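The values are calculated or read from the model by the stated rules, or taken from the named source; none is laboratory data. None of these values were measured; they are calculated from a predicted model. Here the Cβ positions follow ideal geometry from the backbone for every residue, glycine too, while neighbour counts run over all protein chains shown. Just so you know, the surface numbers come from the protein's heavy atoms only, side chains and all, with ligands and any DNA or RNA stripped out. Shrake-Rupley method; radii C 1.70, N 1.55, O 1.52, S 1.80 Å.
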Amino acid sequence: MTAVEETTSLSGNLSKTPRASWILPALAYMSRTCLIEKEVEFKIIPIDILEGEQKSPEFLKLQPFGVAPVMQDGDYSLYESRAIMRYYSEKYKSQGTDLLGKTLEENGLAEQWLETEGQNYHPPIYNLILHLLFHPKLGLPVDDKIVKESEEKLEKVLDIYEERLSKSKYLAGEFFSLADLSHLPFTHYLVNDIGRAYLIRNRKHVSAWWDDITSRESWKKVLQL
Amino acid sequence: MALKLYGIPMSTCTARVLACIYEKNIQFQLVPFNLAVGEHKQPSFVAKNPFGVIPVLEDEDLTLFESRAITAYLLKKYKEQGEDLLRLKEGNLKEEAMVGLWTEVESQQYSPATTPILYEYFFAPRRGKIPDQKVIEDGIVKFQKVLDVYESRLSQSKYLAGDFYSLADLHHLSFTLYLMRSPWVSLISSRPHVKAWWECISSRPASLKVVQAMTPAEK
């Protein structure tokens, strides 16, 4: 197994400090869950978001947008969580869970729903987490208009998911894929930290899907890291 | 049976798929689509794409939506013809990952930064709205920061993923074409490496076909 280093905003140590305990490692959770599914060992290197370490010249060389996470694999580095996941899923195709689908068609559907997450699900859920979890802790105002609009948008997407998941066990079909995995981190915050569990629980098939994907060993391990 | 593409060439997301089709010289049928009569909200279309937006690709039993998933599928299916825009040939996994990285950057940074500007300038007036100058101004500030990263990147390599044209560059075509038809051309032309990159990728034969497809019939 190859050792991969992940530079991210959370480590086991940092999470115990009061200031850093609420730092959102959501995007790092995505790539970590993927690595565990693929049975790839990795080491987490914490950076202090509050100290602005992600804007240091050394970090910006790795990630010019100044955003965690970044993966380093020997002398090769990669950023953007979904790109990291796609790379490791492809590199370690023959080990662990097949997250990309077995045929060209299955892969097409996995990509379709992963893009759906990135384009349709992520923007409104990110706004909800930002305003309802982050802003209060940072002393920033909560924009009720954005919260209302984001929740409405997310509800429309979830209605589509409900319809889809009434026909197949997972988003891309009868197989767990990157498309399902990419929903784990932010939905975890939605359900557990901002009192919006009803958005998931009010939808029978979405709720069953959520229980299924959160019961995976990889996700349970990531939450303990 | 030829591929069927439901969409409108003037739409940035349809044009993204067209660019890929032209690069690979794929036989396809463009199915005429009428947004004005709400064709995208009809049950028969929503059955193909529950989000009710174009483009949609039909390839025999497979129906796909999301333009970036469609382009990835087409490049994998037709990897033996035309240029290797995903670096799928054996041993090029790291190059493939760099293509993946810069397609994500386009998806998560570049297009979200350009969308509000282009929407307010091109599309709001068509809906009887006055362009929101604050949205445009805020959008330009954000977009400039993204372009600064691109300028730095393109000073190190000819194209985004490396010294080869790839899907990552192609995905930028349609939004940037609109930008070059807006008052904010200087955002591109004032950055020498971004400018050179744009001139290079937009002058490819397939890209010129996209320009033509995205040119309205009447002025």
Fill in the blank from the handout: B:Ala72 vs (1) surrounded by fewer than 24 Cβ atoms within 10 Å (Cβ to Cβ); (2) in contact (Cβ under 8 Å) with a residue 12 or more places away in the chain; (3) facing chain A (nearest Cβ under 8 Å): all pass except (1)
Completion exercise
Filtering region B:6-36 down to residues that are within 11 Å of B:Pro55 (Cβ to Cβ), touching a residue at least 60 places away in the same chain (Cβ under 8 Å) and aliphatic (A, V, I, L, M) yields B:Ala15, B:Leu18
Handout entry: Cβ pairs under 7 Å, 6+ apart, first in region B:103-123 and farther than 17 Å from B:Ala161 by Cβ and more than 8 Å from chain A (Cβ to nearest Cβ), second of a type in the set (D, E, K, R) and open to solvent by 10 Å² or more (accessible area, probe 1.4 Å)
Key = B:Ala113/B:Lys142; B:Glu120/B:Asp132
Exercise for the section: Check region A:110-120 and report whether any residue there is open to solvent by 50 Å² or more (accessible area, probe 1.4 Å) and either facing chain B (nearest Cβ under 10 Å) or closer than 20 Å to A:Ile36 by Cα (or both). Expected result: yes
Completion exercise
Restricting attention to region A:49-68, the residues that are under 19 Å from the mean Cα position of the chain (by Cα), crowded, with 16+ Cβ neighbours inside 10 Å and modelled with pLDDT of 75 or more number exactly 1
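Condition check ((1) within 19 Å of A:Arg82 (Cβ to Cβ); (2) of a type in the set (Asp, Glu); (3) open to solvent by 50 Å² or more (accessible area, probe 1.4 Å); (4) over 19 Å from the mean Cα position of the chain (by Cα)) across all residues:
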site: B:Tyr110; (1), (2), (3), (4): yes, no, no, no
site: B:Ala124; (1), (2), (3), (4): no, no, no, yes
site: B:Asp138; (1), (2), (3), (4): no, yes, yes, yes
site: B:Lys142; (1), (2), (3), (4): no, no, yes, yes
site: B:Asp163; (1), (2), (3), (4): no, yes, yes, yes
Handout entry: Qualifying positions in region B:36-62 - surrounded by 14 or more Cβ atoms within 10 Å (Cβ to Cβ) and either of a type in the set (A, V, I, L, M) or at the interface with another protein chain (Cβ under 9 Å from one of its Cβ atoms) (or both)
Key = B:Val46, B:Pro50, B:Phe51, B:Val53, B:Ile54, B:Val56, B:Leu57, B:Asp59, B:Leu62
Handout entry: Those residues of region A:130-152 which are within 19 Å of the chain's Cα centre (by Cα) and surrounded by fewer than 21 Cβ atoms within 10 Å (Cβ to Cβ), in sequence order
Key = A:Leu130, A:His131, A:Leu132, A:Leu133, A:Phe134, A:Glu151
Exercise for the section: Looking only at region A:125-139, decide whether some residue is free of Cβ contacts under 8 Å to residues at least 60 places away in the same chain, touching a Lys or Arg at 6+ places or on another chain (Cβ under 9 Å) and within 8 Å of chain B (Cβ to nearest Cβ). Expected result: no
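Can you tell me which of A:Trp219, A:Trp210 is within 15 Å of the chain's Cα centre (by Cα), open to solvent by less than 60 Å² (accessible area, probe 1.4 Å) and farther than 16 Å from A:Arg32 by Cα?
On the way: A:Trp219 fails: farther than 16 Å from A:Arg32 by Cα.
So the residue among A:Trp219, A:Trp210 that is within 15 Å of the chain's Cα centre (by Cα), open to solvent by less than 60 Å² (accessible area, probe 1.4 Å) and farther than 16 Å from A:Arg32 by Cα is A:Trp210.
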Exercise for the section: Out of B:Val99, B:Val105, B:Val141, report the one residue that is within 20 Å of B:Val185 (Cβ to Cβ) and either among the β-branched types (Val, Ile, Thr) or out of contact with any strand residue (DSSP E or B) (no Cβ under 8 Å at 6 or more places or on another chain) (or both). Expected result: B:Val141
Practice task
Can you confirm whether region B:7-30 contains a residue that is farther than 19 Å from B:Leu170 by Cβ and of a type in the set (D, E, K, R)?
Solution key: no
Problem - Unique residue being under 16 Å from A:His122 (Cβ atoms) and surrounded by 15 or more Cβ atoms within 10 Å (Cβ to Cβ) when the list is A:His205, A:His183 - result: A:His183
Handout entry: Check on A:Phe176, under 28 Å from A:Gly108 (Cβ atoms), in a loop (DSSP other than H, G, I, E, B) and open to solvent by less than 60 Å² (accessible area, probe 1.4 Å)
Key = yes
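For region A:78-97: of the residues being more than 7 Å from chain B (Cβ to nearest Cβ) and buried (at least 16 other Cβ atoms within 10 Å of the Cβ), which is nearest to A:Tyr29 (Cα to Cα)? Quick ask: steps written out before the conclusion?
Initially, region A:78-97 is screened for residues more than 7 Å from chain B (Cβ to nearest Cβ), giving A:81, A:84-85, A:88-89, A:92-97.
From the residues that got through so far, the ones that are buried (at least 16 other Cβ atoms within 10 Å of the Cβ) too are A:81, A:84-85, A:88-89, A:92, A:96-97.
Values: A:Ser81: 9, A:Ile84: 12, A:Met85: 11, A:Tyr88: 14, A:Ser89: 15, A:Tyr92: 19, A:Gly96: 18, A:Thr97: 17 Å.
Once the filter is applied, the top-ranked residue is A:Ser81.
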